[in-house]
Each structure stands twice: as structure tokens, then as C-alpha cells.
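The values are calculated or read from the model by the stated rules, or taken from the named source; none is laboratory data. What you are looking at is a predicted structure, and each value in this text was computed from that prediction instead of being measured. When we count neighbours, we look across all protein chains shown, and the Cβ atoms used for this are built from the backbone with ideal geometry, even at glycine. Calculation scope for accessible area: heavy atoms of the full protein, side chains included, ligands and nucleic acids excluded. Shrake-Rupley method; radii C 1.70, N 1.55, O 1.52, S 1.80 Å.
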Amino acid sequence: HSLRVLGRVAADNTRLYIVNATTRGWILDLAPVTPGAMVKKGDVLGKFYAPELLKGVQTYLSNVFNLDRLKGSTESAAFKAAQFSVAQDRDLLISLGMGAAQLDEIARTREWDPHVDIVSPATGIVIAWNIFPALKFSEGAEFFRIADLSRVWILADVFEGEDRFLGPGLKARVTLTGRNLSFEAMVSRILPLFDPESRTLKVRLEAANPGYALRPDMFVDVEIPVEYPP
């Protein structure tokens, strides 16, 4: 037999990336990125200015120059101490929102642009956007929410009693209504959650999403092969 239910596409929370502010500052420039846009890991999404970073970058540059000066004695304690100082400065600046690529560029050119790049942490689709030019932000403000939709969750409602036929690893067929597209999905190992309002169980399926055809909040038809007792 086949159990046919309605499902809703959701982003896989283990593949969700939030780009937020780790210091206070002002937005100076933005890339043309809005919800639905595809971005790649390392893409610059915008630039901001943060007073807190000024002193950290000056210290970083000073230690980079000091490391260059000591390159002739790589086995000395002074050289190793300078290496440690540079690494420590990089960790501090990364924790304040500066990317490794921009730090590498500063070390290479020995120059610093006071505009800090906002970099995409992963390849995916922007699903939330809360950033504007000239925006004054505080620590913790959310800029972007990016979802890697190469795999997605399908949340399906089944009635009480039907869940006993849906063991982890069971394969199902997901069809995108109106587009004649179907995908293979698999029942998750996560136990279903009970919804007291609808008196149904929320079953989670996981599916690969080639071409990003499945987008969050789309409705799909789910067909699960089941074996009923005689």
C-alpha cells in the first residue's frame, strides 16, 4: 500500500548559516544580494566600518612587520614569539568579523582598507536579509541568513497509528505538484513530534535537492510505501 500525505519543504537546520555582527559599526556598502539570491562561499556581501577593529589591525600590522624583520632567524625564540603574536592577532580580528582572506591581503600589501568585508560562510541561498546602507548596528545584529539547500527536510503530517509503519531509513517519493518533478526522500532517524492541535505526528524526511528545485515552505506530495497487517 501507499501512504499519501502532504509535506512542507524546510531548510535543513544543520545546513543553516547566520551572518551576524560581532562588534558595533556602520554599513558602508552592500552587494546586490536579496532573499532568493544564490551566493558562494567567500563572496563579499557588503562592507562595514567598526571603530573597535582599528587598534587590532594596527597591532596586527606591527607584528607582521616584526615577523618579517626576524625571518633571518626562524629558530630563535623571538621569531616564534612573533609568529604567535600574529596568529593571536588574526584570531582576535576574525572573532570581530574580519575574514581570513582580507587579513591575508593586509599581510601581503601591508596596507589596510578601513572597510571590513562581510563574507558568505557557505554556498547557498539567502533566505533572510536584514541589512541596509548606512545602517548603524550593534553587536549580535543579524545581517543575513543563508541556507545550503543541496539537501532539505520534508515535514509531513501523519495521523496517530500510522507512524508505526514509518521506520527510520524508509524510502519515499516526493513530488512537486504542478511541475512533474519527483525526488527520493528517506524517513529521518529523528522521532516524530506530536502536534496536539491537529492530532497528527510530524514526520521528518530528508532529500537531496539537485537544481535547488525544492525551496523552503513549498508544499509537496509525499508517497510512502507501507505494509499493513492482514
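Based on what the data block shows, is residue 96 open to solvent by less than 60 Å² (accessible area, probe 1.4 Å) and either more than 19 Å from the chain's Cα centre (by Cα) or at pLDDT 85 or above (or both)? The answer is no for residue 96.
Within segment 180-198, if we keep just the residues that are under 28 Å from the mean Cα position of the chain (by Cα) and part of a loop (DSSP other than H, G, I, E, B), the residue that is modelled with the lowest pLDDT turns out to be 191. For segment 203-229, a tally of residues being part of a loop (DSSP other than H, G, I, E, B) and open to solvent by 70 Å² or more (accessible area, probe 1.4 Å) returns 5.
Looking only at residues of segment 2-26 that are touching an Asp or Glu at 6+ places or on another chain (Cβ under 7 Å), open to solvent by less than 80 Å² (accessible area, probe 1.4 Å) and hydrophobic (A, V, I, L, M, F, W, C), we find that the one that is farthest from residue 129 (Cα to Cα) is 3. Evaluating residue 103 against the criteria (1) modelled with pLDDT of 85 or more; (2) under 30 Å from residue 223 (Cα atoms); (3) of a type outside the set (Gly, Ala, Ser); (4) over 19 Å from the mean Cα position of the chain (by Cα) leaves one unmet condition, (2). Being touching a residue at least 60 places away in the same chain (Cβ under 8 Å), farther than 28 Å from residue 210 by Cα and part of a strand (DSSP E or B) is the filter here, so list the residues in segment 119-165 that pass it. Result: 136, 137, 142. On the given criteria, is residue 50 in contact with a Leu (Cβ under 8 Å, 6 or more places away or on another chain), of a type in the set (A, V, I, L, M, F, W, C) and modelled with pLDDT under 90? Yes, satisfied. Quick one: is residue 168 closer than 30 Å to residue 1 by Cα, assigned to a loop (DSSP other than H, G, I, E, B) and open to solvent by 30 Å² or more (accessible area, probe 1.4 Å)? Here the answer is yes, as residue 168 does meet what is asked. Taking segment 55-103 as the range and being in a helix (DSSP H, G or I), of a type in the set (A, V, I, L, M, F, W, C) and over 15 Å from residue 116 (Cα atoms) as the test, the residues that pass are 61, 64, 65, 67, 77, 78, 79, 81, 82, 84, 86, 87. Checked across segment 36-56, the condition of being on the phi < 0 side of the Ramachandran plot, more than 18 Å from the chain's Cα centre (by Cα), open to solvent by less than 60 Å² (accessible area, probe 1.4 Å) and without any contact (Cβ under 8 Å) to a residue 24 or more places away in the chain holds for no residue. Is it the case that residue 133 is within 23 Å of residue 50 (Cα to Cα), in contact with a strand residue (DSSP E or B) (Cβ under 9 Å, 6 or more places away or on another chain) and open to solvent by 70 Å² or more (accessible area, probe 1.4 Å)? Here the answer is yes, as residue 133 does meet what is asked.
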